[in-house]
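Scroll down for the structure; my scribbles are underneath it.
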Ligand SMILES: NC(=O)c1ccc[n+]([C@@H]2O[C@H](COP(=O)([O-])OP(=O)(O)OC[C@H]3O[C@@H](n4cnc5c(N)ncnc54)[C@H](O)[C@@H]3O)[C@@H](O)[C@H]2O)c1
């Protein structure tokens with residue numbers, strides 16, 4: 001089988017209308033890839049793809065829908081001939097502590113972040129194995145290592161996604177596919193704005209946040225280098241990964257981090273009287 005150079009990849013990105021997904025699509029096109037942008041928001045994704053020129057196309061896809069996945073792969077194959085790389089990026093959150101969220105909020109988070117991504121991986125496994133190559137990149141979260149207040153079901157969906165990802169990668173170790181999982185920290189997108197509006201998510205502001213373009217750089221680099229797992233920031237992320245294993249330690253440390261997050265969030269909030 002011919003090895004494709006980095007410039008020849010066809011990349012399907014979910015949740016590509018906004019935030020990290022939009023940044024991934026933009027950078028991938030800039031690096032010479034061809035990109036099928038997909039999103040549940042059809043108007044926004046068509047407009048985003050339209051701004052990226054002829055190496056980009058758009059298709060509506062709700063990642064919870066198996067039929068939607070079939071249509072998205074078919075659209076990419078019709079426009080670009082194949083899908084070499086799937087970037088499973090779409091995700092949601094509903095802010096609030098567990099007892100305050102409605103059961104439909106808890107279900108939504110799991111249905112999109114975990115079941116939707118699983119549905120996409122299953123669709124890709126079949127099609128990419130049939131074509132003899134493929135790279136599945138799942139965008140997860142540092143919360144997959146850390147039990148965070150204000151994020152219980154979101155954390156659970158990402159813990160679950162990480163376990164699923166690595167289990168499948170091991171199942172498929174003798175097959176033709178590559179697997180990468182990438183864990184962004186707080187990233188300045190619509191999701192973080194949503195969290196800014198709710199003090200129960202203050203922990204998100206305890207550490208520095210990243211621009212979506214920085215996460216996109218790691219993702220698009222991974223198309224060529226195929227790392228197994230990427231954490232952010234590289235050193236502190238490794239410490240967090242280990243710390244999350246110890247719940248007693250977390251119970252001591254996290255309230256301090258949460259208090260710092262509350263202070264930093266307060267500074268970041270717009271203050272109409274002084275901002276004029
Ligand atoms: N922003 C952060 O701080 C942060 C941190 C860690 C991980 N992440 C993860 O990064 C990924 C992207 O997040 P973001 O911050 O760019 O979010 P965002 O809210 O800015 O964008 C998410 C995109 O996904 C789309 N989407 C939502 N539900 C969908 C569905 N069912 N099917 C298809 N598309 C859907 C939305 O329309 C939107 O365009 C998510 O998986 C998120 O969990 C984000």
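Nothing in this text is a laboratory measurement; each read-out follows from the coordinates by a stated rule. Everything numeric in this text was worked out from a predicted model, so none of it was measured. Because the Cβ atoms are built from the backbone with ideal geometry, glycine has one as well, and the counts that use them run over all protein chains shown.
With N residues in region 1-88, what two-decimal value do you get for its Cα radius of gyration over 2.2 N^0.38 Å?
In units of the globular-protein estimate, region 1-88 measures up at 0.98.
Could you list 83, 46 in order of exposure, starting from the residue whose Cβ has the fewest other Cβ atoms within 10 Å?
By the 10 Å Cβ count, ascending, the order reads 46, 83.
Any chance you could give the angle, 0 to 90 degrees and rounded to 10, that helix 212-225 forms with the longest Cα principal axis of the chain?
It is inclined by approximately 40 degrees.
Using just the C-alpha positions of region 162-276 as equal point scatterers, what log10 of I(q)/I(0) does the Debye formula give at each q in 0.09, 0.12, 0.13, 0.18 1/Å?
-0.34, -0.58, -0.67, -1.07
Just to be sure I follow: if Rg is taken over the C-alpha atoms of the chain and Rh is the Kirkwood radius over the same atoms, what is Rg/Rh?
In the chain, Rg relative to Rh is 0.97.
Between residue 213 and residue 174, what's the calculated FRET efficiency when r is the beta-carbon distance and R0 is 41 Å? Round to 0.05.
That pair, residue 213 with residue 174, gives E of 0.70.
Taking the 0 to 90 degree range and rounding to the nearest ten, how far is the long axis of helix 247-268 tilted relative to the main principal axis of the chain, both from C-alpha atoms?
90 degrees
Going highest first, how would you order 203-211, 226-234 by mean Cβ packing within 10 Å?
Packing proxy ranking, top to bottom: 203-211, 226-234.
Relative contact order, percent, of the chain when contacts are C-alpha pairs under 8 Å separated by at least 6 residues?
Relative CO of the chain lands at 18 percent.
Counting helices only, and only those DSSP H runs with n ≥ 4, report the 222 nm mean residue ellipticity of the chain as the sum of -39,500 (n - 2.57) divided by its residues, in deg cm²/dmol to the nearest 500.
Helix-only estimate at 222 nm: -15500 deg cm²/dmol.
I'd like the orientation of helix 152-171 relative to the chain: the angle between its Cα long axis and the longest Cα principal axis, in ° from 0 to 90, rounded to 10.
Long axis of 152-171 versus the principal axis of the chain: about 30 degrees.
Please arrange 12, 256, 114 by how many other C-beta atoms lie within 10 Å of their C-beta, fewest to most.
By the 10 Å Cβ count, ascending: 256, 114, 12.
Rounded, prolate or oblate: which fits region 64-202, taking a ≥ b ≥ c as square roots of the Cα gyration tensor eigenvalues, rounded meaning a/c under 1.5, else prolate when a/b beats b/c?
Prolate is the answer for region 64-202, as a/c is 1.5 or above and a/b outweighs b/c.
To make sure I understand, if each residue's beta carbon is the centre and we count other beta carbons within 10 Å, what order do 139, 24 fall in, fewest to most?
By the 10 Å Cβ count, ascending, the order reads 139, 24.
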